[in-house]
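Derivation of every value follows stated rules applied to the coordinates shown; laboratory data play no part. Since this is a predicted model, take the numbers as computed values, not measurements. Counting neighbours? That spans all protein chains shown, and the Cβs are built from the backbone with ideal geometry, glycine included.
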Amino acid sequence: DQFATPYEAIGADALSQLVDAFYLRVHKHPLLSPIFPDDLSETARKQKQFLTQYLGGPSLYTEEHGHPMLRARHLPFEITPERARAWLSCMEEAMDELDLDERFQAWFFERLELTARHMVNTPDTER
Ligand code: HEM
């Protein structure tokens, strides 16, 4: 491929737009909004840093916050399989909105599915 890293394939601008489109949906999602802060600007800033390095770009997240330890950082929140699916559906809709390259999107989404599954720390509640 003509790109050295997936980060270069998507580009900083599209990645930033993707994260913003994603958190707009998170903010409105009935299962997700209760565990996120009302003001998502700092969360979005960190996610842009994180996804930059996740995609092989500069280590912006680690430089400012140290080792990601993502699963540990998510332990304070009840992440059920249902919430993981909700997170992923917000991401998929954001990706569709951005009109990313289809092959890139499929590859990126698969990686996020694995990471999201790894964040699950609470079983679904029976209602
Ligand atoms: C932070 C939820 C999956 C990356 C957070 C926060 C919540 C959350 C509630 C704290 C927000 C804040 O206080 O600012 C979830 C849920 C997920 C999920 C419900 C469903 C599986 C993921 C995935 C990734 C990710 C798949 C990475 C690909 C991050 C990052 C932060 C974060 C980088 C910021 C950590 C920090 O405070 O430094 N997430 N998350 N999350 N999440 Fe997730």
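A few comments on the model shown:
- Residue selected from region 112-127 under the condition more than 8 Å from the ligand (Cβ to nearest atom) and in contact (Cβ under 8 Å) with a residue 40 or more places away in the chain, by the criterion farthest from Leu18 (Cα to Cα): Thr125
- Flag for Gly57 being in contact with a helix residue (DSSP H, G or I) (Cβ under 9 Å, 6 or more places away or on another chain) and either of a type outside the set (A, V, I, L, M, F, W, C) or more than 28 Å from Thr125 (Cα to Cα) (or both): yes
- Of the residues screened, Phe108 is one that is within 13 Å of the ligand (Cβ to nearest atom) and in contact (Cβ under 8 Å) with a residue 24 or more places away in the chain.
- Residue within region 90-98 that is in a helix (DSSP H, G or I), within 10 Å of the ligand (Cβ to nearest atom) and under 13 Å from the mean Cα position of the chain (by Cα) present: yes
- Taken over region 55-80, the criterion of being within 9 Å of the ligand (Cβ to nearest atom), in contact (Cβ under 8 Å) with a residue 24 or more places away in the chain and in a helix (DSSP H, G or I) is satisfied by Leu70, His74.
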